[in-house]
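Chemist: A single structure is presented below for examination.
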């Protein structure tokens with residue numbers, strides 16, 4: 001299997017970010033291969049920047065309602081009531097689990113900010129692309145970054161708020177959260193993210209996941225399919 005190389009040359013890029021794309025270039029968000037000019041743009045939250053996904057990655061990297069359900073441990077019926085999901089269409093012959101939500105940023109390089117694919121190993125990306133010491137966050141966010149003052153920088157940005165205890169956790173996240181007392185606390189699974197929520201606040205959780213970490217098509221279907229009765233009424 002070809003490894004994601006961020007679209008860069010074979011020489012290592014050190015600790016600098018890769019060269020920016022030209023305005024007319026359209027490259028896949030994940031594998032950096034060129035995509036067709038007619039490909040639909042993707043947008044994350046209210047960002048003014050757009051991205052695209054190639055045909056192959058559109059199949060392997062898709063993030064569905066079922067994936068969202070597994071991530072949040074919520075019922076599909078509860079997810080469908082969330083405001084950020086209300087415009088997604090659920091086909092009449094489907095339970096909604098296979099509905100495409102978008103493309104989730106599971107892993108992002110802390111050095112060059114390249115988005116990695118599901119099967120990619122961040123350590124392999126670091127070895128292939130960055131000719132500098134790299135260190136993984138030891139507190140729990142799992143983000144890799146350049147080891148130059150990495151420990152000091154990590155401690156500064158990696159403190160996490162516990163919504164149940166109402167305290168800021170400056171030490172190992174896992175030591176604080178991985179017990180039965182905190183089973184109703186949701187921690188964002190995206191590498192480098194330290195946002196937390198109470199699981200009962202499903203609307204806030206979904207809004208964060210989709211607005212902060214998910215690339216979605218600009219045009220989404222409105223609501224679910226109308227019933228045959230409503231269709232007949234419109235014809236009259």
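Chemist: Can you give me the ranges of the helices (runs of 4 or more DSSP H) entirely in the range 34-87 with at least 1 residues that are exposed (fewer than 11 other Cβ atoms within 10 Å of the Cβ)?
Modeler: By residue number, 55-60, 76-80.
Chemist: Please work out which residue is farthest from residue 210 (Cα to Cα), limiting yourself to the range 24-33 and to residues that are surrounded by 13 or more Cβ atoms within 10 Å (Cβ to Cβ) and either out of contact with any strand residue (DSSP E or B) (no Cβ under 7 Å at 6 or more places or on another chain) or without any contact (Cβ under 8 Å) to a residue 40 or more places away in the chain (or both).
Modeler: 33
Chemist: So which residues in the range 106-135 are free of Cβ contacts under 8 Å to residues at least 12 places away in the same chain and not in a loop (DSSP other than H, G, I, E, B), if there are any at all?
Modeler: Within the range 106-135, just 127 meets the criteria.
Chemist: Yes or no: residue 103 within 26 Å of residue 197 (Cβ to Cβ), outside any helix (DSSP H, G or I) and at pLDDT 90 or above?
Modeler: yes
The values are calculated or read from the model by the stated rules, or taken from the named source; none is laboratory data. Treat the numbers as computed from the prediction; the structure is a model and nothing was measured. Counting neighbours? That spans all protein chains shown, and the Cβs are built from the backbone with ideal geometry, glycine included.
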